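Here is the structure we will look at, set down as structure tokens.
The values are calculated or read from the model by the stated rules, or taken from the named source; none is laboratory data. Here the structure is a predicted model, which means the values were calculated and not measured. Don't worry about glycine lacking a Cβ; one is built from the backbone with ideal geometry, like all the others, and counts go over all protein chains shown.
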Amino acid sequence: MIKRLTTISIATLVAIALTACSGDKKQAETKTYKMSAEEVYKASCTKCHGAHGEGKTEKKTPRFDDKTVAELEYSLFDIKKGGITFTTGTDHEIMEHNMQKLIDQGYDYDIKTMAQYIYSTFKK
Ligand code: HEC
């Protein structure tokens, strides 16, 4: 009987521990943003990158429709982290500067979601 109780309580403890861990993980993954990637793009990225991600010569912006989702993700990662943690071999100095301003204004986004949005919306 005692042995059985011990087995049950160990199982319970394991279950609680697992629930606690997955709870933490979920919280870290679901950082909430005020706007969706689409809303952020339309409100803050369009003026430099164009409504169709076509790029603008006068703003010196590259086009997005020839990029893979992985390339976009790397670039956005580089841009958001200020190029400290990752180097893509591209120069994102202007964009890094812009990004800090955009984040201060509340235009923050999830890198993967934004890369996916840009890719699926503008790909040729
Ligand atoms: C004030 C103008 C401006 C705004 C606003 C702007 N960008 Fe940019 N962006 C640039 C310029 C200029 C470049 C290219 C040079 C550089 O990266 O510094 C660039 C580069 C990029 C790149 C890299 C593309 C590549 O080929 O490596 C990505 C991705 C990007 N921007 C995404 C965004 C997103 C997402 C937003 C909105 C949250 C945004 N940009 C808002 C000017 C802007």
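For region 31-61, give me each residue that is surrounded by 15 or more Cβ atoms within 10 Å (Cβ to Cβ) and assigned to a loop (DSSP other than H, G, I, E, B). Working first, answer last.
Within region 31-61, the first condition is being surrounded by 15 or more Cβ atoms within 10 Å (Cβ to Cβ), and the residues that meet it are 33, 35, 37, 40-41, 44-45, 48-50, 53, 55, 61.
Result: 33, 35, 50, 53, 55, 61.
Can you report the number of residues in region 38-56 which are near the ligand (Cβ under 8 Å from one of its atoms) and in contact with a helix residue (DSSP H, G or I) (Cβ under 6 Å, 6 or more places away or on another chain)?
Residues meeting the conditions: 2.
Which one is modelled with the lowest pLDDT, of the residues in region 59-102 that are within 9 Å of the ligand (Cβ to nearest atom), over 14 Å from residue 48 (Cβ atoms) and β-branched (Val, Ile, Thr)?
88
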